[in-house]
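Notes follow the structure.
Nothing in this text is a laboratory measurement; each read-out follows from the coordinates by a stated rule. Please read these numbers as outputs of a predicted model, since none were measured by experiment. When we count neighbours, we look across all protein chains shown, and the Cβ atoms used for this are built from the backbone with ideal geometry, even at glycine.
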Amino acid sequence: MPIPNSSPLRAAQPQAAESLGLAFLARRVFTGDRLDETWNDLVARFSRDAGDLGALLDISTLVQMRGDRERGLELQATAIAGERCYRTVHGDGSGVRVLMFMTAGDLMANTPLDFLFEGSNVQLISWYLDAGLPSPDEVPEHDVAFLAVSQSEADPAPLASLPVALAEWPRPVLNGDPARIAALSRDGVAQLFADHPAIVCPTTCRFDRAALEAIAAGAATLSDTAPDLAYPIILRPLASHAGKGLEKIDDAAALAAYLNEHDEPAFFAARFFDYSGADGLFRKLRVVFVQGRPYLAHLAVSSRWMVHYLNADMGEAAHRAEEAAAMANFDQGFAARHAAAFDAMTEALGLDYYGVDCAETLDGRLVLFEADVAMLVHSMDPAELYPYKKPAMARLFAGFAAMLDATAGRKRLAA
């Protein structure tokens, strides 16, 4: 499929450009259903009218999803240069109007809110920031704002450029404290819960390449940086996600071999924690919190320690049955067992919406691997294999909608 030429640009317009939205496009890619038709329609729209920047933005998203990140970001930059504001209408659009402050970037750069609006009538208005907030009169009318920019090792500037807590914005702002989002680094979260009695959060430290090379050569040790850091460790490049470059390192020789294969300048090293169950299997849960209330987004079961849902052994019927049971009994089961840990996380992180990847030790403590605002939760898995997922996701989506309604209600009461 040829990518259209992205010039010329139109001047910025006062109205938002119309976008199909991230969730719609992801479902097309995920299922393959009518993907070519969607692509051809978008290309035709932009070919007819180079001012249709909503079509160009959607093309850029599809290009990223199909694996060409750099070209997708180029097209995205061209679209945003001409228009910073985009609108995605769910249902009949009669529901809450949500203004989402975003940053340019790949699919991990922002909270993927669009997936949470399945079955709703929300109007999602996406505004791409440029070195700070717009003035309120630049953006369309809305009921609630949401700061969607995620913590980034590669580009911390968008969060750093924002005022503290967005306190002066004339509408309620969810996740409105940029400093709290910026604090969600892997080492920052590990430090926050380092000695918590109910939470195991493995020690995580930053290392520049020179320090790791010295350790690999025997000129230094891991404990020189962190007294409780010792082999085996989990090593990953500083800005990596989804397991890219993630490896278990057992000794200095393995560290040297790893560095020979990875040329990044800086890395996170974490203490390896064996979180396997009594049966030897590893279980990792993604839990999403909406104003402190936890929802189970998925449970991945695998024979391998590096568990991601897409590489887990969920093709096995027994593992899907375990996930179904976990979802059905989550409030009375996992969430009840770890209520104190969940409350501590929500209080410490101070966010209206966030997600964690976690597990459970044999002695009943919560293992916290990561906390983030940009974790993907969705309802795209095929119902014939995962009939239990849509009801679970519907509960999450309803909880998020209730938060929006309550927040919009605060605005109306104040008016």
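Any chance you could check the Cα centroid distance between the stretch 126-172 and the stretch 80-107 for me, in angstrom? One Cα centre to the other: 13 Å. A simple rule links phi to the HN-Hα coupling: the Karplus curve 6.51 cos²θ - 1.76 cosθ + 1.60 with θ = phi - 60°, which for the stretch 281-289 gives 8, 9, 10, 10, 10, 9, 10, 10, 10 Hz, with x for Gly and Pro. Each label point was placed 7 Å from the Cα along the Cα-to-Cβ direction; for Arg71 and Ala194 their separation is 4.7 nm.
Who wins for biggest fluctuation among Ser19, Ser240, Ser185 in a Gaussian network model of the chain, springs between alpha carbons below 10 Å? Taking springs between Cα atoms under 10 Å, the residue moving most is Ser240. Comparing mean-square fluctuations of Arg180, Arg209, Arg283 from a GNM of the chain with C-alpha springs under 10 Å, the top value falls on Arg209.
Each residue of the stretch 342-355 is assigned a 3J(HN,Hα), and the resulting list reads 4, 4, 5, 5, 5, 5, 6, 7, x, 10, 6, 9, 6, x Hz, derived from the Karplus form 6.51 cos²θ - 1.76 cosθ + 1.60 (θ = phi - 60°), x at Gly and Pro. The stretch 34-59 and the stretch 208-248 have Cα centres spaced 45 Å apart. Near Val149, the amide H atoms lying under 5 Å from its own belong to Thr111; only residues 5 or more places off or on other chains count, and H is placed 1.01 Å from N.
As a ratio to 2.2 N^0.38 Å, the alpha-carbon radius of gyration for the chain is 1.02. For Glu370, the residues whose amide H sits under 5 Å from its own are Asp357, ignoring neighbours fewer than 5 places away on the same chain, with H placed 1.01 Å from N. Taking one quarter of the surface of the convex hull spanned by the alpha-carbon atoms of the stretch 204-271 gives a direction-averaged projected area of 3.8 nm². Taking the alpha carbon gyration tensor of the stretch 28-92, multiplying each eigenvalue by 5 and rooting it gives semi-axes of 18, 15, 12 Å, largest first.
If you count the DSSP beta bridges with both ends in the chain, what percent of them are antiparallel, to the nearest 5? Taking every DSSP beta bridge within the chain, about 70 percent pair in antiparallel fashion. Computed on the Cα atoms alone, the convex hull of the stretch 282-407 gives a volume of 109 cubic angstrom per residue.
Between Ala297 and Arg286, Val287, Val288, the built amide H atoms are under 5 Å apart, and every one of these is 5 or more places off in sequence or on another chain.
Rounded to whole Å, the principal axis extents of the Cα atoms in the stretch 17-178 read 44, 37, 28, largest first. If you count Lys pairs in the chain whose Cα atoms are under 25 Å apart, skipping same-chain pairs closer than 8 places in sequence, the total is 4. In the distance distribution for the stretch 99-154, Cα-Cα pairs more than 17 Å apart total 39 percent.
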